[in-house]
Amino acid sequence: MPFVAPRTPGKSLVLTAMRLVSGAIFFWVKVGLADEPENVRVQGDAPAKPKATSSVAQDPREITDIGDWLEREPGVHVRRLGGDDGFSTLSIRGSNGNQVAVYLAGIPLTSGADPTLDLSTLPLFGSTRARIDRTFSKATLGPSTLGGTLDLDPTSRTDERAWIGVGSFGTARMRAQEEASTQRFDVRMAVSASRSDGDFSYYDDRRRSFRDRENAGHAKMSAYAQTALKDDTGTRLRTHTLVQIRKQELPGAGSVPTPFESFESTRVVQGLELLLSRTKTNEVTVRSWGRHESTRVVGGYDLFSPYRRETNARSLALGSSLGSHAQLGPLDIDSRMEGELQGFVAGLYRGAEPPPQTTRSRIGPSTDMELRLHRTFQLALSARADYFSDASPNDTRGEIIPTLHGGAEWKDGPVSVLARGGYVTRAPSLVERFGNAGAFVGNPNLDTERALAADLGVRTHLSKGRFRFEGEATLFAISARDLITFVPLGAEGRIRATNLGDARMVGAELGTRGNYGPFSLRATYTLMDTRNYARCDVRTTGCSAPKLPGRPAHDLSLDAVVDVSPFMLRYGFDFLSGMQADEAGAVLVPARALSSVGGSVRLGRIRFAGEIRNLTDVRTASYQGAFGAVQKAIGDAYDYPLPGRSFLLTASLFEHEK
């Protein structure tokens with residue numbers, strides 16, 4: 001990495017002034033610090049090897065949280081329970097949120113206690129890249145999942161140095177990053193913050209009028225640092241440190257608000273990677289990591305009690321791995337032996353019985369191999385086997401969970417044909433296995449979720465004169481078994497995790513990006529059909545399996561851009577339809593089409609931008625009721641409204657002039 005020369009005093013003053021403005025906007029709010037992305041590179045999955053498909057550094061939209069960007073990728077759907085920075089989960093190819101694993105620089109962020117990770121808590125900075133692996137991921141990255149993986153890398157170089165934004169509903173955002181390098185040492189730092197009142201107006205069908213969303217604000221902060229120590233052979237030691245603080249108000253359902261509920265969390269992640277040896281054909285590395293998370297949920301008042309309901313808990317994870325990379329002629333082999341220990345401890349539980357203290361340990365080998373048989377053809381194979389041991393005060397369960405999948409890629413000029421197939425799994429979470437001493441009743445005898453999956457895709461890229469085009473088309477099919485679902489128990493309102501049945505997901509993913517001179521177009525489309533055969537297990541023979549809830553059959557995103565320096569104008573269109581709100585398939589979510597417009601001007605090192613979302617202010621949709629059409633607020637989940645029209649104004653400072 002080259003030496004970075006010190007900035008001149010004039011440049012330093014400009015940079016410092018803009019960061020002070022960013023900090024002032026943040027401290028102007030009552031509470032608030034958080035994470036934001038912009039220059040995010042996202043990699044799609046190729047059967048043989050991941051390849052970059054897009055970069056948010058060139059994305060014409062102003063990115064406000066990770067879900068805001070990911071939902072425009074093929075095969076990906078983000079389920080939101082409110083506006084930006086509200087609770088949201090990631091679905092890949094029809095998966096549940098707990099079937100997607102999330103990593104930060106290779107460090108697992110998803111917990112064995114509850115693997116459903118809220119996307120709004122993820123740290124994103126101007127220097128972040130993201131890789132999405134749909135269904136199949138590298139075995140050496142971590143344990144298998146049914147949906148896929150999201151791997152965040154906050155260490156890429158970026159020209160952006162500071163970014164601030166203000167918008168609707170009391171929104172204020174900032175982020176900044178800096179890096180320095182010498183011949184022997186690198187350091188990169190990033191901070192981000194945001195806050196919002198979240199008080200958008202939505203339609204309350206019980207009142208038959210519009211009302212403001214209450215208790216829907218948030219405030220969060222993220223700080224990240226990476227250091228790298230180098231010698232003559234390259235980077236010898238690398239460290240990662242992440243600290244996050246967040247407060248999220250919990251507004252509840254649109255028709256049944258919860259004006260007193262709130263959620264607070266902290267997350268501290270520390271990682272270390274040490275290069276033990278390196279030759280021309282081999283290297284050996286050691287990785288270690290730790291993750292500490294604490295949560296606090298404050299509720300309303302119980303009857304005849306002067307105290308509000310309150311629960312808090314802590315989780316801790318420690319892991320380490322020993323890995324090697326070897327190149328044997330046309331064969332590349334990555335191997336790793338990995339172990340991890342997780343613990344969940346309940347603290348104060350006022351108004352509720354505390355859940356049991358639980359632990360999870362795992363250990364196992366993994367390998368990824370790539371064999372180049374010809375300059376136009378290569379094969380890939382990934383294999384992993386983990387031994388999981390879960391324990392609570394009353395139960396212990398251990399099992400070996402294997403994963404195996406492979407792929408092939410044929411490339412001739414600008415065209416690549418890729419195919420993959422294999423066996424993927426997901427171990428039950430601790431709350432599914434042991435419960436939480438409250439509404440969730442555990443089931444220690446749960447079987448592991450498993451699936452057979454395959455996909456076939458074509459990629460191409462063309463370039464001639466001022467014309468550029470990239471495109472991909474993929475067909476996929478997933479057959480899942482022993483899916484875990486919570487089912488009601490009696491009349492007490494408690495539910496129990498149970499292996500109920502099977503599901504099937506088939507579909508097609510399309511993605512295109514092209515430009516001609518100042519004009520550019522990006523479009524993605526996902527067609528998907530899902531079937532929930534678990535519903536047939538309790539019906540008569542020959543039932544017609546309903547679709548899985550919360551998965552759209554059609555999901556389209558489009559951006560058209562005119563970029564004539566220093567000005568840029570954009571029009572965006574997002575459409576989804578064919579989504580059901582309930583497991584029985586009785587409630588169909590109406591089709592939704594939202595438009596947005598934006599523009600920017602770049603003046604030297606500074607860029608000013610503005611954006612209007614939901615341009616036509618769509619806030620209601622017509623659901624089919626028992627006695628005819630019923631107007632309700634739009635949303636991904638039934639009775640959890642999404643905001644109407646909103647605006648965002650931003651200013652960015654860059655290292656260099658355009």
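The values are calculated or read from the model by the stated rules, or taken from the named source; none is laboratory data. What you see is a predicted model, and the numbers here were worked out from it, not measured in a lab. Heads up, the Cβs are rebuilt from the backbone with ideal geometry, glycines too, and the neighbour counts pull from every protein chain shown. Calculation scope for accessible area: heavy atoms of the full protein, side chains included, ligands and nucleic acids excluded. Shrake-Rupley method; radii C 1.70, N 1.55, O 1.52, S 1.80 Å.
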Pairs under 8 Å by beta carbon, first residue on the phi > 0 side of the Ramachandran plot and without any contact (Cβ under 8 Å) to a residue 60 or more places away in the chain in the stretch 553-581, partner open to solvent by less than 40 Å² (accessible area, probe 1.4 Å) and not polar (S, T, N, Q), six or more apart or different chains?
G578/P552; G578/A553
Given the conditions (1) within 18 Å of V431 (Cα to Cα); (2) of a type outside the set (D, E, K, R); (3) open to solvent by less than 40 Å² (accessible area, probe 1.4 Å), report the number of the one that L316 does not fulfil.
(3)
Within the stretch 115-144, work out how many residues are within 15 Å of the chain's Cα centre (by Cα), in a loop (DSSP other than H, G, I, E, B) and under 15 Å from N96 (Cα atoms).
5
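If only one of R522, R531 is open to solvent by less than 50 Å² (accessible area, probe 1.4 Å), in a strand (DSSP E or B) and among the charged types (D, E, K, R), which one is it?
Of the residues listed, the single one that is open to solvent by less than 50 Å² (accessible area, probe 1.4 Å), in a strand (DSSP E or B) and among the charged types (D, E, K, R) is R522.
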Can you pull out every residue in the stretch 542-586 that is part of a loop (DSSP other than H, G, I, E, B), surrounded by 15 or more Cβ atoms within 10 Å (Cβ to Cβ) and of a type in the set (A, V, I, L, M)?
A545, L548, A553, A581
Which of the residues belonging to the stretch 588-601 are crowded, with 18+ Cβ neighbours inside 10 Å and either over 26 Å from the mean Cα position of the chain (by Cα) or within 25 Å of D563 (Cα to Cα) (or both)?
L594, S596, G598, S600
When you look at R157, is it part of a strand (DSSP E or B) and open to solvent by 30 Å² or more (accessible area, probe 1.4 Å), yes or no?
no
The correct count of residues that are assigned to a strand (DSSP E or B), of a type in the set (D, E, K, R), closer than 28 Å to A193 by Cβ and touching a Leu at 6+ places or on another chain (Cβ under 8 Å) in the stretch 236-272 is 2
From the option list Y640, Y571, single residue qualifying as among the aromatic types (F, W, Y), closer than 29 Å to G170 by Cβ and under 22 Å from the mean Cα position of the chain (by Cα) is Y640
For the stretch 329-372 the number of residues that are under 26 Å from the mean Cα position of the chain (by Cα), among the hydrophobic types (A, V, I, L, M, F, W, C) and farther than 20 Å from A427 by Cα is 1
Out of everything in the stretch 194-230 that is touching a Pro at 6+ places or on another chain (Cβ under 7 Å) and farther than 30 Å from L274 by Cα, what residue ends up being most open to solvent (accessible area, probe 1.4 Å)?
E214
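Being polar (S, T, N, Q) and in a loop (DSSP other than H, G, I, E, B) is true for just one of Q183, Q177. Which residue is that?
On the way: Q177 fails: in a loop (DSSP other than H, G, I, E, B).
None of the others qualify; the one that does is Q183.
Out of R384, R362, I need the residue that is farther than 28 Å from E409 by Cα, in contact with a strand residue (DSSP E or B) (Cβ under 6 Å, 6 or more places away or on another chain), assigned to a strand (DSSP E or B) and charged (D, E, K, R). Which one? Walk me through how you get there before you give the answer.
Working: R384 fails: farther than 28 Å from E409 by Cα.
That would be R362, the only listed residue that is farther than 28 Å from E409 by Cα, in contact with a strand residue (DSSP E or B) (Cβ under 6 Å, 6 or more places away or on another chain), assigned to a strand (DSSP E or B) and charged (D, E, K, R).
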Among all residue pairs at least 6 apart or on different chains, which show Cβ distances below 8 Å where the first residue, located in the stretch 452-470, is within 25 Å of A408 (Cβ to Cβ) and the second is among the hydroxyl-bearing types (S, T, Y) and not in a strand (DSSP E or B)?
A453/T135; D455/T135
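Among the residues of the stretch 397-416, how many are part of a strand (DSSP E or B) and either of a type in the set (A, V, I, L, M) or touching a residue at least 40 places away in the same chain (Cβ under 8 Å) (or both)?
12
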Considering every residue within the stretch 635-644, establish whether at least one is of a type in the set (F, W, Y), over 25 Å from G83 (Cβ atoms), open to solvent by 50 Å² or more (accessible area, probe 1.4 Å) and not in a strand (DSSP E or B).
no
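Could we say that G290 is in a strand (DSSP E or B), surrounded by fewer than 16 Cβ atoms within 10 Å (Cβ to Cβ) and modelled with pLDDT of 95 or more here? Spell out how you get there, then give the answer.
Values: in a strand (DSSP E or B): yes; surrounded by fewer than 16 Cβ atoms within 10 Å (Cβ to Cβ): yes; modelled with pLDDT of 95 or more: yes.
It is true that G290 is in a strand (DSSP E or B), surrounded by fewer than 16 Cβ atoms within 10 Å (Cβ to Cβ) and modelled with pLDDT of 95 or more.
Look at the stretch 117-137 and say how many of its residues are in contact (Cβ under 8 Å) with a residue 60 or more places away in the chain and out of contact with any Ser or Thr (no Cβ under 6 Å at 6 or more places or on another chain).
Filtering the stretch 117-137 down to residues in contact (Cβ under 8 Å) with a residue 60 or more places away in the chain leaves 120-137.
Among the residues that remain, those that are also out of contact with any Ser or Thr (no Cβ under 6 Å at 6 or more places or on another chain) are: 121-122, 124, 128, 130-132, 134-136.
So the count comes out to 10.
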Within the stretch 337-357, the count of residues that are crowded, with 17+ Cβ neighbours inside 10 Å and at pLDDT 90 or above comes to 4
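Scan the stretch 618-632 for residues that are touching a strand residue (DSSP E or B) at 6+ places or on another chain (Cβ under 7 Å), open to solvent by 20 Å² or more (accessible area, probe 1.4 Å) and not charged (D, E, K, R) and jot them down.
Start the filter on the stretch 618-632 by keeping residues that are touching a strand residue (DSSP E or B) at 6+ places or on another chain (Cβ under 7 Å), which leaves 618-624, 629-632.
So of that shortlist, the ones also open to solvent by 20 Å² or more (accessible area, probe 1.4 Å) come out as 618-620, 622, 624, 629-631.
Residues satisfying the conditions are V618, T620, S622, Q624, A629, V630, Q631.
Only one of Q248, Q244 is farther than 30 Å from D186 by Cβ, in contact (Cβ under 8 Å) with a residue 60 or more places away in the chain and either crowded, with 18+ Cβ neighbours inside 10 Å or of a type in the set (S, T, Y) (or both). Can you tell me which?
Values: Q244 fails: farther than 30 Å from D186 by Cβ.
Going through Q248, Q244 in turn, just one is farther than 30 Å from D186 by Cβ, in contact (Cβ under 8 Å) with a residue 60 or more places away in the chain and either crowded, with 18+ Cβ neighbours inside 10 Å or of a type in the set (S, T, Y) (or both): Q248.
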Is there a residue being open to solvent by 30 Å² or more (accessible area, probe 1.4 Å) and under 16 Å from S361 (Cβ atoms) anywhere in the stretch 431-442?
no
